Amino acid sequence: MEREQNVLLRAEHLVKTFPAGRNKVHAISDVDITICRGETLGLVGESGCGKSTLGRLILGLLRPTEGKIWFEGQELTAMSKGEFRKVRRDIQCIFQDPYASLDPRLSIANSIMEPLTINHVGTRQEQQEKVEALLKIVGIPVEYRNRFPHQFSGGQRQRVGIARALALNPKLIVCDEPVSALDVSIQAQVLNLLADLQNQMGLTYLFISHDLNVVQRISNRVCIMYLGQICESGPTEEIFAHPRHPYTHFLLSAVPVTDPEQRQEKELISGELPSPIAPPPGCRFHTRCPYATEVCRTSVPSKTEENGHLFACHHPL
Amino acid sequence: MKTQRDKIQAFSPDSDIAVLKISGLRTCLKTRKGRLYPVDGVDLEVPRGQIVGLVGESGCGKSMMANSIMGLLPQGGMIEEGSVTFCGQDFLRYSPEQRRQLYGDRITLIFQEPMSSLNPVIRVGKQVTEVLMLHKQMSREEAKHQVIEMFRSVGIPEPERRFSCYPHELSGGLRQRIMISAAMICQPDLLIADEPTTALDVTIEAQILQLMRKLQQEAGTSVLLITHDLGVVAEVCDLVYVMYAGKIVEAADVYELFRNPTHPYTRGLLGSLPNRNIGKRLQSIPGTVPMLAEMPQGCRFAPRCPHAAQACIEQVPAMTEVSQGHLVRCPLIPKEV
């Protein structure tokens with residue numbers, strides 16, 4: 001019950017298909033997702049599994065083919081453009097490559113100020129003060145305010161991207177692979193910054209990443225995606241310690257150990273992700289699953305819940 | 001030409017001589033900003049049959065080093081000092097013709113993005129067949145047969161059908177397997193792999209690493225594995241060199257390095273790994289790798305080092321042996337850092 005009140009964003013039966021010639025790409029197929037206030041929800045999967053598409057649906061950058069999204073009880077998918085723009089101030093995003101998302105011809109101060117100007121927040125003076133405050137928060141010297149994106153390193157640019165996302169005091173930030181392009185030492189700086197900001201400002205993150213180590217560190221809950229569907233979700237520790245879906249199990253065992261003394265023969269899944277144009281019938285993982293039986297090939301597994309741990313498998317581990 | 005070839009093949013393949021020995025390698029880039037040294041005095045050895053990891057962050061010069069060995073330096077780049085010996089012979093003295101005979105046969109290379117190393121308009125089978133026809137003087141028929149066998153052993157499903165595919169018809173993992181087939185088909189002495197799994201998903205990465213290890217053991221190939229990922233190093237390497245700003249800062253066998261990381265940079269890298277010390281705050285390294293044109297005097301890591309003392313800023317540190325085979329470039333060693 002308590003959780004229900006805490007829900008910030010909820011999506012049900014989301015479907016997104018893209019036309020591909022005569023066929024359709026099934027990017028998202030029947031996905032339910034709930035994000036609670038103040039938590040970090042990790043969304044993990046291999047490339048092509050639809051995790052970025054899901055992020056874009058939530059941001060309103062794409063319209064779902066089917067399904068509904070609610071944000072703080074209001075149905076986003078039923079809103080007019082004008083209404084949506086107001087709500088959209090509370091949902092911001094950070095992308096993988098800040099160099100591509102910052103305008104190369106705007107100084108970073110202007111880039112950070114842009115969302116304030118567009119939404120008519122405060123006077124010019126107040127906006128400038130806000131920009132300085134934001135630069136301080138993300139750890140960029142205020143003297144650099146008039147520099148341009150190309151004058152910064154990758155880590156600093158990502159900090160600028162974060163400052164810009166924070167400008168409108170959002171409630172939810174969709175982070176799409178925010179540290180994947182960064183070196184490991186810089187990645188640690190940015191992850192620490194994101195964690196600090198969450199503590200200070202009570203932010204909620206949807207953290208999309210292919211890197212299980214990063215997700216394990218930053219998330220409270222995790223959703224594992226495979227070929228447009230969420231195959232398992234639950235509290236991070238629970239998922240990492242006791243995966244129930246075979247895909248999660250193989251995904252976790254493929255992660256390189258960072259201690260050579262723990263080297264061992266790995267249980268690997270063979271093959272690669274099937275095409276989302278013609279996803280396999282039944283359980284989508286059955287083509288690569290060593291435990292697959294006849295029932296997996298024919299019927300779609302329903303979701304089972306055990307203490308907040310959801311999984312969709314006919315033969316859970 | 002025939003005699004040159006015979007001479008090159010007269011290496012003693014089973015001797016104890018290191019397959020690759022680099023000493024004092026200094027690579028220079030002539031730019032508008034003057035001479036820059038992305039590789040500045042590197043000593044490195046790849047013993048026979050071992051996988052040697054070269055780790056560092058982007059911009060530390062690790063790819064430049066591979067390119068120096070392979071003669072792939074960009075315009076304005078040249079090796080200024082140092083020597084590279086391959087199986088005991090001075091490799092840098094070879095004529096371009098002599099080197100070309102080694103590349104693809106005895107020394108091979110895999111890059112991060114197979115799409116940019118494969119020719120997009122030639123069928124993949126033909127691209128691998130060419131290697132055999134050129135270096136082993138095989139007929140097309142013989143070569144094709146052997147390539148299909150190779151495709152099968154690197155785990156390419158339906159190798160006969162894939163033989164006549166174009167690179168764009170294959171997934172990233174399959175393309176990297178094609179590259180590995182091409183690199184391993186002549187059973188080279190040395191394979192240089194520059195970030196071979198960085199572009200791949202974690203499940204495919206694990207498959208490729210396992211495959212590289214298997215082929216390496218079967219063919220007795222030595223591997224120089226260039227990566228930024230300490231996880232990959234921990235999984236497959238025997239020896240590790242840590243590179244920072246053009247210099248090797250620490251070298252040890254892989255168990256020793258992860259057990260006793262000594263250089264503050266190595267410690268920082270390990271502390272930054274998100275899956276170590278769960279629950280504690282990540283120990284990030286402040287600042288960024290210095291620009292080539294703005295290299296600090298003295299120890300190059302000093303501006304980012306939490307332990308930096310006056311000595312670090314003044315003098316260029318030398319490599320010190322802290323224990324058997326464990327070398328560290330830090331002026332504060334052997335004092336407790």
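The values are calculated or read from the model by the stated rules, or taken from the named source; none is laboratory data. In this text the structure is predicted, and so the values were computed from the model without any measurement. Quick reminder, even Gly has a Cβ in these numbers, built from the backbone with ideal geometry, and neighbours come from all protein chains shown. The accessibility values were calculated without ligands, DNA or RNA, using every heavy atom of the protein model including side chains. Shrake-Rupley method; radii C 1.70, N 1.55, O 1.52, S 1.80 Å.
Can you give the longest run of chain B that contains no trypsin sites (Lys or Arg not before Pro) sitting in a DSSP loop with at most 12 other Cβ atoms inside 10 Å? The partial results should precede the final answer.
On the way: sites that count: B:R32, B:K33, B:K280, B:R281, B:K335.
Value returned for the longest uninterrupted segment is B:34-279.
Under 10 °C and 1.306 mPa s, how fast does chain A diffuse according to Stokes-Einstein, given a Kirkwood radius computed over C-alpha pairs? Answer in µm²/s, whole number.
Working: Rh = 20.9 Å.
Result for D is 76 µm²/s.
Once you order the gyration tensor axes a ≥ b ≥ c over the Cα atoms, which shape class does the protein assembly as shown get: rounded for a/c under 1.5, otherwise prolate or oblate by comparing a/b with b/c?
On the way: a/c = 1.92, a/b = 1.29, b/c = 1.49.
Oblate, since a/c reaches 1.5 and b/c is not below a/b.
Rolling a 1.4 Å sphere over the protein heavy atoms, what is the accessible area per residue of segment A:170-317, to the nearest Å²?
On the way: 5720 Å² over 148 residues.
Computed with neighbouring chains in place, this is 39 Å² per residue.
Of the candidates A:H249, A:H13, A:H150, which one comes out as most mobile in a Gaussian network treatment of chain A with C-alpha springs shorter than 10 Å?
It is A:H150.
Taking R0 as 35 Å, what's the FRET efficiency between A:Y144 and A:R85 from their Cβ-Cβ distance, rounded to 0.05?
Values: r = 31 Å, r/R0 = 0.88.
With a Förster radius of 35 Å, E is 0.70.
Every cysteine in chain B with no other Cys Cβ under 4.7 Å from its Cβ, please list them in numeric order.
Flagged as lacking a Cys partner: B:C28, B:C60, B:C87, B:C165, B:C186, B:C237, B:C305, B:C330.
Would you list B:Y103, A:Y247 from the most to the least accessible area, probe 1.4 Å? Each step should come with its number before you reach the end.
Values: B:Y103 50, A:Y247 0 Å².
Ranked from most to least accessible, the order is B:Y103, A:Y247.
For the residue pair A:R37 and B:R152, what label-to-label distance in nm results when each label sits 7 Å from Cα along the Cα-to-beta-carbon direction?
The modelled label-to-label distance comes out at 6.4 nm.
Show B:Y241, A:Y205 ordered by accessible area, largest first, where the area counts protein heavy atoms only and the probe is 1.4 Å. Mind showing how you got there, number by number?
Details: B:Y241 30, A:Y205 0 Å².
Largest to smallest exposure gives the sequence B:Y241, A:Y205.
Starting from one equal scatterer on each C-alpha and no solvent at all, send me the Debye-based log10 I(q)/I(0) for segment A:104-166 at q = 0.19, 0.27, 0.28 Å⁻¹, two decimals.
The Debye formula, applied to the Cα set alone, gives -0.61, -1.22, -1.30.
Is the shape of segment B:280-323 best called rounded, prolate or oblate, per the rule: a/c under 1.5 gives rounded, else a/b larger than b/c gives prolate, else oblate, with a ≥ b ≥ c the square roots of the Cα gyration tensor eigenvalues? Provide the component values of the computation, followed by the final result.
Working: a/c = 1.93, a/b = 1.16, b/c = 1.66.
Note, shape of segment B:280-323 comes out oblate.
How big is segment B:123-168 by Rg and Dmax over its Cα atoms, in Å?
Looking at segment B:123-168, its Cα Rg and Dmax stand at 10.0, 29 Å.
How big is the A-B contact in terms of buried accessible area, both chains counted, 1.4 Å probe, rounded to the nearest 100 Å²?
Values: alone 16120 and 16280 Å², together 28910 Å².
Summing both sides, the interface buries roughly 3500 Å².
How long, wide and thick is chain B, going by the Cα atoms along their three principal axes, in whole angstroms, largest first?
The Cα atoms of chain B stretch 67, 50, 42 Å along the principal axes, largest first.
Beta carbons within 10 angstrom, averaged per residue: use that to sort the peptides A:269-275, B:230-236, highest first. Walk me through the intermediate numbers first.
Working: A:269-275: 17.3, B:230-236: 24.3.
Ranked by mean Cβ neighbours within 10 Å, highest first: B:230-236, A:269-275.
Skip the ligands, DNA and RNA, and give the accessible area per residue of chain B with a 1.4 Å probe, whole Å².
Working: 14590 Å² over 337 residues.
Spelled out: the 1.4 Å probe surface of chain B, per residue, equals 43 Å².
For segment B:245-280 and segment B:135-177, compute the distance between their C-alpha centroids and round to whole Å.
So the separation of the two Cα centres works out to 39 Å.
Mind checking the full-extension length gain between A:H120 and A:E238? Use 0.36 nm per residue of separation minus the Cα-Cα distance, one decimal, nm. All intermediate terms of the calculation are to be shown ahead of the outcome.
Working: separation 118, 0.36 × 118 = 42.48 nm, distance 4.45 nm.
Fully extending the segment from A:H120 to A:E238 adds 38.0 nm.
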